[in-house]
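Following: one structure in C-alpha cells, then a few remarks.
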Amino acid sequence: MRRLVYLLCFSMLGLRGMADDVIKTPQPQLTYLPLADVRLISGPFLHAEQKDAEWLLSLEPDRLLNGFLVNAGLEPKAPKYGGWEAGGLAGQTFGHFLSACSMMYASSGDERFKAIADYCVDQLNTCQQNVGTGMLAGFPDASRLFDELSEGKIYSKGFDLNGYYVPFYNMHKLCAGLSDAYYHTGNETAKDVLVKLATFMNQILSPLSDAQIQTILQAEHGGINESLAEVYALTGDKRFLTLSERLNHQDLVKPLLDRKDELAGKHANTQIPKIVGVAREYKLTGNKDYWNIASFFWHTVVGHHTYVIGGNSEAEHFGASGRTYDRITDKTCETCNSYNMLKLTKHLFAFTQDMEMADFYERVLYNHILASQNPDNGMICYMSPLASGCRKEFSSPFDSFWCCVGTGLENHARYGEFIYATDKLDNLYVNLFIPSELNWEKRKVTLRQITDFPESDTIRYEMSMDDSQRFTLNLRYPGWCKEECVLKINGKLQSLGKARPGHYIPLKRKWKNGDRIELVIPQSISSEEALGDSTLRAYLNGPIVLAAALEDGNNDVPVVVTEDLKDAGGIVKKVSGHNFEMEKVWPQTVQMKPYYLSTGDRTVVYFEHYTPELWNQRKEQVLKQRNKEEWIRQQTVSHFQPGEMQPERDHLFDGVNLELGEIQGRKYRKAVDGGSFSFQMDVIPDVPMDLMCTYWGNLGDIYKFVVEVDGTPVSTVIIHWWGNQFIDKTYHIPAEVTRGKNKVKVTFRALDAKSVAGPLFDCKILKH
C-alpha cells in the first residue's frame with residue numbers, strides 16, 4: 001500500500017509537478033529512482049540510517065511544534081526543546097524533522113514515520129486554519145515581522161531581518177518539510193498547507209520593490225527561492241515562479257554569471273541553498289543563465305574551496321580561492337554545507353552525467369556525511385575539524401538543535417536517493433557502491449547489490465525478474481580508479497571494451513532471472529594537497545580519506561620525511577581491511593584508518609612533508625610553533641569569532657554604532673563614534689581566567705577603548721602603530737569577577753565620543 005500511495009503521488013504530479021507538463025522544460029538525462037524503491041541491506045550506511053531512525057523516534061513532535069501553536073494563538077501541548085530551539089531560531093528544526101520522518105518512511109517502509117508526518121501536518125493545518133491568513137511560523141512573534149514587511153519596513157543590524165534571526169531561512173525549512181511530506185508519504189493536506197503558506201508569502205512580498213526584496217535577502221534566507229519554485233512545480237501557478245526568481249540574491253548570482261569567484265569572506269551555507277534554488281529554476285524554465293550560475297558555482301566551490309573530505313568553509317566562511325592550507329583549524333567543514341552541496345550535485349548530475357560530480361558525491365557521502373554521525377548513538381557534529389590533534393564534538397539528543405542537527409536528521413534518511421537512476425530508454429544506472437536492493441517497478445526487476453566496499457574492492461549484483469528483458473545496465477567506473485576493473489557475468493570474464501575511468505561501463509544484453517555480475521574496482525593509495533601548499537597532503541585509499549589517531553597526551557603530530565612527496569604508495573600501505581600504516585614519518589610509524597571511522601579520536605588528516613635535509617633545518621622551529629598553538633588550544637575555555645553570523649548569535653553579541661569589516665581575510669567588529677559592543681563567554685567558576693584578544697596593529701590613536709568583564713575593567717587599550725600584523729594581547733581577569741559563575745559578559749567600550757572600540761578579530765577565555 002505504501003509504495004502504491006507513493007507512486008500515485010508521483011503519477012498525479014507528472015513525476016515532479018503539473019508544471020512540467022504545462023511548459024517545455026529541459027529534460028534531465030537521468031531520473032533518480034525514488035527512495036521508496038531502494039532498501040539498504042547491510043553496511044555502515046544502513047547502520048547510520050538505523051541510528052538516525054532511533055533518534056527521530058525519540059523526539060517529541062509536540063515540543064518541536066510549540067512555536068507554531070503559540071503563533072497561531074493556540075495552547076502548546078509541550079514545552080520547547082533547548083539549544084537553538086529555545087530562542088529566535090525556534091522552528092527551524094521542525095522542518096528538517098518533518099522531512100527526515102517523511103524520507104525515513106520512504107527509505108524503510110516503517111509506518112511509524114508516516115504516522116509522525118501525518119500528525120505534524122494535521123497540527124500545522126489546525127494552526128493555519130486558526131490564523132486564517134495562511135501564515136505558519138515557529139519563531140517567536142512571527143506576525144510582527146510579516147506586518148512590518150507588508151508595510152515596507154525593512155531594516156537590519158548586519159545579520160538579522162527586522163531584529164529576527166534568519167526568518168526566511170526558517171520558512172524555507174518549513175516549506176521543504178511540507179513538500180517532502182507530500183512527495184514521500186502522499187499526504188495531500190501537506191500540499192494544501194504548503195500552497196496556502198506560499199500564497200501568504202506571495203501576498204506579503206510581491207508588492208515590494210525589487211530593491212526592497214534584495215534588502216530582505218541580505219539576511220540569511222536559506223533556499224526560499226527553491227521553496228517557491230517547488231510550489232510552482234506543484235500548481236503551475238506562475239505567481240510562484242515569478243516570486244522565486246525575484247528571490248534570487250543578485251549580490252551572489254551576478255558575479256557568478258560573469259564567472260567571477262567572489263566567495264571569499266561569505267558565509268558558506270548562506271550561499272549554497274540559494275544556488276540549489278537557481279538549479280531548480282533552471283529545470284522549470286530552461287533559462288541558460290541559471291544553468292551557468294549553478295554550474296560555475298559548483299565547479300568553483302569544489303575546485304577552489306574544498307577540503308579533502310569534500311566539505312568546505314572554515315568557521316562557516318569561504319576563504320580565498322585556491323587556498324585552504326592556512327585555514328585548517330578546529331572549525332573546518334560545516335556539515336550543512338555538504339548537505340546542500342549534495343543537493344546541488346544531484347540536480348546538476350542528472351543533466352550532465354559528469355562523472356566528476358558522481359565522484360564528488362561519493363567522496364562527500366563517505367568522508368563527511370557518514371563521518372558526521374557518531375555511530376554509537378546517532379548524534380551529529382557541527383564541524384569536522386581537520387586541524388591535527390582535534391576531535392569531533394557531537395550534539396546532545398535534546399538540547400543542541402544546531403542547523404547541522406536538522407540537516408543531520410535528514411542526511412541519514414536519504415542514502416538511497418542517488419544510488420540508482422534510469423534514462424529515457426529505460427536503461428539502469430548504478431552510481432554508488434552501497435549494499436542495497438532496488439525494486440525497479442517499471443521493469444518489474446529486482447537488483448540486489450552486495451558488497452563490503454570500501455573495505456573490499458568487489459561488488460556483486462544479482463538480478464531477479466519474471467521474464468527476460470533487454471536493457472543496458474550501466475555501472476559507474478570511478479575516476480579515482482587507476483587500474484583496470486575486472487568484470488564477470490555469470491562467472492565468465494568480460495571485456496570492458498572502450499569503458500574507462502570517469503565513465504560508465506555499459507552492459508547491454510538480454511537479462512534473465514538469476515543473472516549475476518561481479519565487478520572488481522581496485523582501490524589504490526593516493527595523496528591530495530591542501531589547496532595552495534603541495535607539501536601539506538592528505539592520503540586516500542580509492543575515494544576514502546585516511547586519518548591517523550593521536551593518543552591523549554601525545555602531541556607529536558607525525559611529519560612525513562621523504563625525497564618524493566608524491567610517492568603515496570611508498571608512504572602508506574594497506575595492512576588489512578580498514579587498517580593502514582604510514583611509513584617514512586617522524587617520530588615513528590603511524591597507524592591509519594578511514595576518517596569516517598574516527599569518532600572520538602584526536603585525528604591527523606593533513607600531514608606536513610619535508611625532505612630529510614629540510615626537516616633537519618626546520619625541526620626545532622616547527623616543534624616550537626606547534627607547542628605554542630597546542631598550549632593555547634588546551635587552555636581555551638571559550639572562543640568567540642566576531643563578524644561571523646552564528647558565533648555572534650551563540651555569544652549574544654550586541655552593540656551600538658557597530659561596523660563590520662575585514663583585513664587580510666579575517667573579519668572584525670568595531671564600534672565607532674563612542675560606541676560599544678558586548679558578548680557572552682563561558683568561564684570556569686573559581687579557576688583563574690585570562691582574556692586573549694586579537695587586534696590589527698597598524699592603526700592610529702583614535703582606537704582607544706576599555707575592555708570590561710562583567711562591568712570590571714581589565715584593560716585600557718590604545719592601538720598605536722603596533723606594526724602591520726595581527727597582535728594577541730592577554731589580560732588577567734580578577735578572581736572575584738568569575739567566582740561562582742559559568743558565563744561572563746565581555747564589553748569593549750570606546751573611551752570618548754570620538755574614539756573607536758576595536759577592531760576585534762578574535763577573543764578567547766583561557767585558563768590562567
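None of the figures in this text is laboratory data; all of them are computed from the coordinates on show. From a predicted model like this one, the values you see are computed outputs, not experimental measurements. Here the Cβ is made from the backbone with ideal geometry for all residues, glycine too, and neighbour counts use every protein chain on show.
Output the relative contact order of the range 525-610, whole-number percent, from Cα pairs under 8 angstrom with separation of 6+ residues.
39
From the alpha carbon centroid of the range 643-697 to that of the range 574-611 is 37 Å. Separation of the range 366-402 and the range 265-295, taken as the distance between their Cα centroids, equals 28 angstrom. Cβ crowding within 10 Å ranks Asp37, Asp326, Asp399, Asp466 as Asp466, Asp399, Asp326, Asp37, fewest other Cβ atoms first. Along the range 729-742 the Karplus relation, 6.51 cos²θ - 1.76 cosθ + 1.60 evaluated at θ = phi - 60°, assigns HN-Hα couplings of 10, 10, 10, 6, 9, x, 4, 5, 6, 9, 4, x, 10, 9 Hz to successive residues, with x for each Gly and Pro. With Cα atoms as the point set, the range 218-281 shows a radius of gyration and Dmax of 12.1, 38 Å. By the count of neighbouring beta-carbon atoms within 10 Å, fewest first, Val687, Val121 end up ordered Val687, Val121. Our helix-only sum for the chain, with -39,500 (n - 2.57) per DSSP H run of n ≥ 4 divided by its residues, gives a mean residue ellipticity at 222 nm of -11000 deg cm²/dmol.
Counting only lysines at least 8 places from Lys492 when in the same chain, those with an alpha carbon closer than 17 Å to its own are Lys508, Lys510, Lys512. Summing charges over all other residues whose Cβ lies under 15 Å from the Cβ of Glu356, with Lys and Arg as +1 and Asp and Glu as -1, gives 0.
The charge dipole of the chain, taken about its Cα centre with unit charges on the Cβ of Lys, Arg, Asp and Glu (plus for the first two, minus for the last two), comes to roughly 1440 debye. For trypsin sites (Lys or Arg not before Pro), the sites in the range 511-554 that DSSP calls loop and that have at most 13 other Cβ atoms within 10 Å are Lys512. Computed from Cα atoms alone, the Kirkwood hydrodynamic radius reported for the chain is 27.7 Å.
Here's how it looks for Val559: its modeled amide H is under 5 Å from those of Trp586, which are all 5 or more places away or on a different chain. Of the residues Met171, Pro647, Gly502, the one whose Cα sits farthest towards the positive end of the charge dipole of the chain is Gly502 (charges of +1 on Lys and Arg Cβ, -1 on Asp and Glu Cβ, taken about the Cα centre). Spacing of the modelled spin labels on Val656 and Ile41, each 7 Å from Cα toward Cβ, amounts to 6.9 nm.
The convex hull defined by the C-alpha atoms of the range 525-610 has an orientation-averaged projected area of 5.4 nm². Per residue, the convex hull around the alpha carbon atoms of the range 719-768 comes to 120 Å³.
3J(HN,Hα) along the range 638-643, derived from phi through the Karplus expression 6.51 cos²θ - 1.76 cosθ + 1.60 where θ = phi - 60°, amounts to 8, 9, 10, 10, x, x Hz, with x in place of Gly and Pro.
With both residues required to sit in the chain, DSSP beta bridges show an antiparallel share near 95%. For the range 637-767, a simple Cβ point-charge model (Lys and Arg +1, Asp and Glu -1, everything else neutral) yields a dipole of about 60 debye relative to the Cα centre.
Take each of the peptides 571-580, 327-336, 26-35, average the number of other beta-carbon atoms within 10 Å over its residues, and list them starting from the highest.
327-336, 26-35, 571-580
Neighbour counts of other Cβ atoms within 10 Å put Ser107, Ser338 in the fewest-to-most order Ser107, Ser338. Restricting attention to the range 637-767, lysine pairs at least eight places apart or on different chains and with alpha-carbon atoms under 25 angstrom apart total 29.
Sorted from longest to shortest, the spans of the Cα atoms of the range 637-767 along the three principal axes equal 38, 28, 26 Å.
Amide hydrogen proximity for Arg669: with H placed 1.01 Å from N in the peptide plane, the residues at 5 or more positions away or on another chain lying under 5 Å are Leu760.
For the range 321-399, a Kirkwood radius taken over Cα pairs fed into Stokes-Einstein (4 °C, viscosity 1.567 mPa s) yields D = 93 µm²/s. For Lys584, the lysines whose Cα comes closer than 23 Å to its Cα, not counting residues fewer than 8 places off in the same chain, are Lys566, Lys573, Lys574, Lys593, Lys619, Lys624. With a simple spin-label model that places each label point 7 Å from the Cα along the Cα-to-Cβ direction, the separation between Val737 and Thr133 comes to 4.6 nm. Only helices reaching 18 angstrom along their own axis (Cα) with mean Kyte-Doolittle hydropathy no lower than 0.0 count here, and for the DSSP H runs of the chain these are 92-108, 188-205, 335-352.
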